[in-house]
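Since every read-out is calculated from the coordinates, none of them should be taken as a lab result. What you see is a predicted model; the values in this text were computed from it and never measured. With ideal geometry, Cβ positions are generated from the backbone for all residues, glycine too; neighbour counts draw on all protein chains shown.
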Amino acid sequence: MESAELIAIIVKLGVGALAAFFAIMLWSMTRDSAWLFVIMGVILRYGEIMYSTFKLFGILTTETLFFGIPLVTILLTNLPYAFFSVAFIIMIVRSRFR
């Protein structure tokens with residue numbers, strides 16, 4: 001592994017940790033459903049960053065396959081965007097029906 005790649009991973013982990021930390025802080029202050037879905041998406045995105053880092057360093061190796069594709073990778077890659085989409089839909093519906 002090159003040092004540039006290692007620095008990129010460290011930066012991604014640091015920025016993701018900050019985003020997840022602030023998302024958890026906001027979670028305790030809000031009761032808005034759209035914001036809760038955004039927060040869950042950010043936290044799951046950080047989980048995907050951690051998972052891919054663990055896989056890169058060989059800490060996690062076993063995976064359940066779903067049609068030949070790792071199930072955890074599918075979920076952690078796509079669920080944050082599904083949560084973001086739900087949050088955006090909630091906000092669109094709120095603004096349309098006011």
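Just a few scattered comments:
- Residue in the stretch 68-86 that is surrounded by 12 or more Cβ atoms within 10 Å (Cβ to Cβ), in a loop (DSSP other than H, G, I, E, B), among the hydrophobic types (A, V, I, L, M, F, W, C) and out of contact with any Ser or Thr (no Cβ under 7 Å at 6 or more places or on another chain) present: no
- Looking across the stretch 19-49, the residues that are surrounded by fewer than 17 Cβ atoms within 10 Å (Cβ to Cβ) and farther than 17 Å from ALA87 by Cβ come down to PHE21, MET25, SER28.
- Pair list, Cβ < 8 Å and 6+ apart or interchain, from the stretch 10-35 residues that are of a type in the set (Phe, Trp, Tyr) to residues that are assigned to a helix (DSSP H, G or I): TRP27/LEU36; TRP27/ILE39; TRP35/LEU26; TRP35/ALA87
- Residues in the stretch 6-35 that are of a type in the set (Gly, Ala, Ser) and outside any helix (DSSP H, G or I): SER28 only.
- Within the stretch 59-72, residues that are closer than 14 Å to GLU48 by Cβ sit with their Cβ atoms under 6 Å from residues that are among the hydroxyl-bearing types (Ser, Thr, Tyr), at 6+ positions apart or across chains, in these pairs: LEU71/THR64.
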